[in-house]
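Trainee: A single structure is presented below for examination.
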Amino acid sequence: MSTPFPPAEARHTAELLALRSLIRLVTEIDDNGAIPPRRLAATLPDLSTHQLRSVSDTARAHGLVRIAPGAGLELTDIGMELADLYDAMARWARRHAVPAPVCEFSSRIRHVLDIVAPALATESADGLSRPSAVRLNSAEAEADLARPRTLLIQWLADNSQVVTVSEPEPIA
């Protein structure tokens, strides 16, 4: 299966998925359940008010979260699948100690996306080619990367609406 994304859309989507604040929001809700109304700032205290508002708006616009009456901000089915994808990427990065043996969860996700993103517009799901500026230290790491790469391509193919939403405001 080929990815149906032009290079600009693939790059934009990878940048969106690599946003630290989006990774934090999705994984927080996945790990701990819905965030009650007016508790977002207390739940993610390291993010500014602007970042919180922006990531919440961006995640809702892309269909990753929704506001559930009485529960607060919760993941949609697409958001839950993204959380699973993030977990698979982090497991690969932990196993191969990239970008470092000890680092933040979101750094692991961002690093894996940096490795696989250049291939999104040109690669098939079988992972035969991977034009990337990032080189891996072992053939085992390269071979193991096929699973997260395939999961990402499948997630993008299944959720093309995430790709087609307009450019989000930068939220670091």
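Trainee: Between beta-carbons, use under 14 Å as the cut-off and find the net charge around GLY70, counting Lys and Arg +1, Asp and Glu -1. If you can, show how the numbers build up before the last one.
Mentor: Details: positive: ARG38, ARG39, ARG66; negative: GLU74.
Around GLY70, the surrounding residues sum to +2.
Trainee: How would you rank ARG95, ARG11, ARG149, going from fewest to most other Cβ atoms within 10 Å of each one's own Cβ?
Mentor: Numbers: ARG95 11, ARG11 15, ARG149 23.
Lowest to highest Cβ neighbour count: ARG95, ARG11, ARG149.
Trainee: Please compute the net charge surrounding ALA88, taking Lys and Arg as +1 and Asp and Glu as -1 over other residues with Cβ under 13 Å from its Cβ. If you can, show how the numbers build up before the last one.
Mentor: Values: positive: ARG91, ARG94, ARG95, ARG108, ARG147, ARG149; negative: ASP30, GLU81, ASP84, ASP87, ASP144.
Combined, the nearby Lys, Arg, Asp and Glu give +1.
Trainee: Arrange the following residues from fewest to most other Cβ atoms within 10 Å of their Cβ: ASP144, ASP57. Provide the component values of the computation, followed by the final result.
Mentor: Values: ASP144 16, ASP57 13.
So the ranking, lowest neighbour count to highest, is ASP57, ASP144.
Trainee: Once a ≥ b ≥ c are taken as the square roots of the eigenvalues of the Cα gyration tensor of segment 18-76, is the result rounded (a/c under 1.5), prolate (a/b larger than b/c) or oblate (a/b not larger than b/c)? It would help to have the intermediate numbers written out before the result.
Mentor: Working: a/c = 1.38, a/b = 1.16, b/c = 1.19.
Since a/c stays below 1.5, the shape of segment 18-76 is classed as rounded.
We did not get these values from a lab; they are worked out from the coordinates using the rules stated. All of these numbers come straight from a predicted model, not from anything done at the bench. Positions of Cβ are backbone-derived with ideal geometry, glycine not excepted, and every protein chain shown enters the neighbour counts.
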